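Peer 1: I have a structure I would like to understand better, so I am pasting it below and will then ask my questions one at a time.
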Amino acid sequence: MIISVAHQKGGVGKTTLLYNLAAIIKPDLIIDLDPHDGLTILNRLRDQQYNVASAKTDKELIGLIKEYQDKTVMIDCGGFDSGVNRIAVAASNVTIVPIQYESMTERVGLNGYTKVLSEISENVNRDITAHVLYYRQNSARKDFSDTDSFIERSKHLSKFTNVLPGRAEYNNALNKHHAVVEHTTTRGSRAARELHAFVDELLTIASIDS
């Protein structure tokens, strides 16, 4: 099973999202495609480190995917469009696309990403569907109808039922080099419960798409 977190736009929270998801999913391997090595750097600060490998070329990525075939792999894609990121998305059972609803620039970026997904689909001769996650938005927001309508009209997008609002517990745990479900002061928090619920939905989709 391969789960990627991807978006051609930077700053949407891909790395910290994967960092927190990995604490529950416990992948056999995390592949860091970000040229800034954000996940790799965060991992070095952990007491119990994830198994993280950096891949910057198509050959390196394909080699790691083959080596960990039939195992659980998570991929942190960089915030840009590239051949290596496209290979990651094409190889994934589920691609998570985090967006912050309030940001118009992120909705514009999502529109651009659908074109990338369309091109990947043409290259591999099958329809690629990425799953949008409303992430780090104001916890009071309940109406996502504008973006929901756009997603429903898109051939290459779906969306998760669960959302992950921005909550202080994520930063509190990260400052202690933990995921929100790991640190003693945050593991019982609402943020942790929301993350567990999201992972349940994510793994259900992954099992269907595998």
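A short reminder: the numbers here are calculations on the coordinates, not readings from a lab. Note that the structure is a prediction, hence the values are computed from the model and not measured. Glycine also receives a Cβ, built like all others from the backbone with ideal geometry; neighbour counts cover every protein chain displayed.
Peer 1: So how do Asp37, Asp70 line up by other beta-carbon neighbours within 10 Å, fewest first?
Peer 2: On the way: Asp37 18, Asp70 7.
Sorted ascending by nearby Cβ count, the order is Asp70, Asp37.
Peer 1: How high is the FRET efficiency between Asn51 and Lys115 when r is their beta carbon distance and R₀ equals 35 Å, given to the nearest 0.05? Intermediate results must be reported in sequence, preceding the final value.
Peer 2: Working: r = 34 Å, r/R0 = 0.96.
FRET efficiency, Asn51 to Lys115: 0.55.
Peer 1: How large is the helix-only mean residue ellipticity at 222 nm for the chain, computed as the sum of -39500 (n - 2.57) over DSSP H runs with n ≥ 4, divided by its residue count, in deg cm²/dmol to the nearest 500?
Peer 2: On the way: 8 runs with 95 residues, N = 210.
Dividing the helical sum by the residues of the chain leaves -14000 deg cm²/dmol.
Peer 1: Count charges around Ala173 for me, please; just the other residues with Cβ under 11 Å from its Cβ, Lys/Arg as +1, Asp/Glu as -1.
Peer 2: Overall, the nearby charge balance is +1.
Peer 1: Right, something else. In percent, what relative contact order does segment 2-209 have, based on Cα pairs under 8 Å that are 6 or more apart in sequence? Intermediate results must be reported in sequence, preceding the final value.
Peer 2: Working: 341 pairs, mean separation 48.0, N = 208.
Taking the mean separation of contacting Cα pairs over the length of segment 2-209, I get 23 percent.
Peer 1: Using only the Cα atoms of segment 2-209, build the gyration tensor, take square roots of its eigenvalues as a ≥ b ≥ c, and label the shape rounded, prolate or oblate: rounded if a/c is under 1.5, else prolate if a/b is larger than b/c, else oblate.
Peer 2: Numbers: a/c = 1.63, a/b = 1.07, b/c = 1.53.
Taking the square roots of the gyration eigenvalues as a ≥ b ≥ c, segment 2-209 is oblate.
Peer 1: How would you rank 116-128, 170-182, highest first, on the average number of other Cβ atoms within 10 Å across their residues? Don't skip to the end; give the middle numbers.
Peer 2: Working: 116-128: 14.9, 170-182: 19.2.
With the highest mean Cβ count within 10 Å placed first, the list reads 170-182, 116-128.
Peer 1: According to the square roots a ≥ b ≥ c of the eigenvalues of the Cα gyration tensor, what is the shape class of segment 134-184, taking rounded for a/c under 1.5, prolate for a/b larger than b/c otherwise, and oblate for the remainder?
Peer 2: Numbers: a/c = 4.05, a/b = 2.37, b/c = 1.71.
Note, shape of segment 134-184 comes out prolate.
Peer 1: How large is ³J(HN,Hα), in whole Hz, for each residue of segment 40-45 in order, when computed from phi with the Karplus curve 6.51 cos²θ - 1.76 cosθ + 1.60 and θ = phi - 60°, using x for Gly and Pro?
Peer 2: Couplings: 4, 5, 4, 5, 5, 8 Hz.
Peer 1: Let me ask something else. Positive end of the dipole of segment 83-210, charges at C-beta (+1 Lys, Arg; -1 Asp, Glu), about the Cα centre: which of Thr147, His183, Thr161 has its Cα farthest in that direction?
Peer 2: In segment 83-210, that residue is His183.
Peer 1: I've got another one for you. How large is the dipole of segment 2-209 about the Cα centre if only Lys and Arg carry +1 and Asp and Glu carry -1, each at its Cβ, rounded to the nearest 20 debye? Write out the running numbers ahead of the final one.
Peer 2: Working: 24 positive and 26 negative charges, 73 e Å.
It comes to approximately 360 debye.
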